[in-house]
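Here's the structure, in structure tokens; my notes come after.
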Amino acid sequence: MVTVNVVVLAGTVAADPTEKELPSGDKVTEIKLSVPEAGKRSLPLPVSAWHGKPITRKSLGAIGRGDEILVHGQLVRRFYRNGAGARTVMEVIATGLKKLEPVEEE
């Protein structure tokens, strides 16, 4: 059985990225990415970028609300508990991010 979990998305950053430091000391930046869907709607997707070798804090610092970015990663499903009970969330774990430069029309 062959399984492939590769995601490539291009979209607009919907809100300023937020950085969190976990109790383990690991750092993660969460990005809300707005991706065009069929028709005129946008699909908001959560993207998590773990700080490390492929993604550095410096590269994430250049990304802000309204920027267009290209994301490479994997789709994951997380389970957790909060006051309302058990919850599940689907998100993209980024393995690569690139800020896209605006195309100038002549």
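Which ones in region 7-25 are touching a His at 6+ places or on another chain (Cβ under 9 Å) and more than 17 Å from residue 74 (Cβ to Cβ)? Even if it seems obvious, please write down each step before you answer.
At the first step, the residues of region 7-25 found to be touching a His at 6+ places or on another chain (Cβ under 9 Å) are 7-9, 19.
Across region 7-25, the qualifying residue is only 19.
In region 37-95, what residues are among the β-branched types (Val, Ile, Thr), out of contact with any Gly (no Cβ under 8 Å at 6 or more places or on another chain) and closer than 21 Å to residue 25 by Cα?
Going through region 37-95, the residues among the β-branched types (Val, Ile, Thr) turn out to be 47, 55-56, 63, 69, 71, 76, 88-89, 92-93, 95.
With out of contact with any Gly (no Cβ under 8 Å at 6 or more places or on another chain) added as a condition, the list becomes 56, 63, 76, 88-89.
56 - this is the single residue of region 37-95 that is among the β-branched types (Val, Ile, Thr), out of contact with any Gly (no Cβ under 8 Å at 6 or more places or on another chain) and closer than 21 Å to residue 25 by Cα.
What pairs come out if I take residues in region 82-106 that are assigned to a strand (DSSP E or B) and pair them with residues that are among the aromatic types (Phe, Trp, Tyr) and modelled with pLDDT of 85 or more whose C-beta lies under 6 Å away, six or more apart or interchain?
88/79
The values are calculated or read from the model by the stated rules, or taken from the named source; none is laboratory data. All of these numbers come straight from a predicted model, not from anything done at the bench. Note that we place each Cβ from the backbone using ideal geometry, even for glycine, and neighbour counts take in every protein chain shown.
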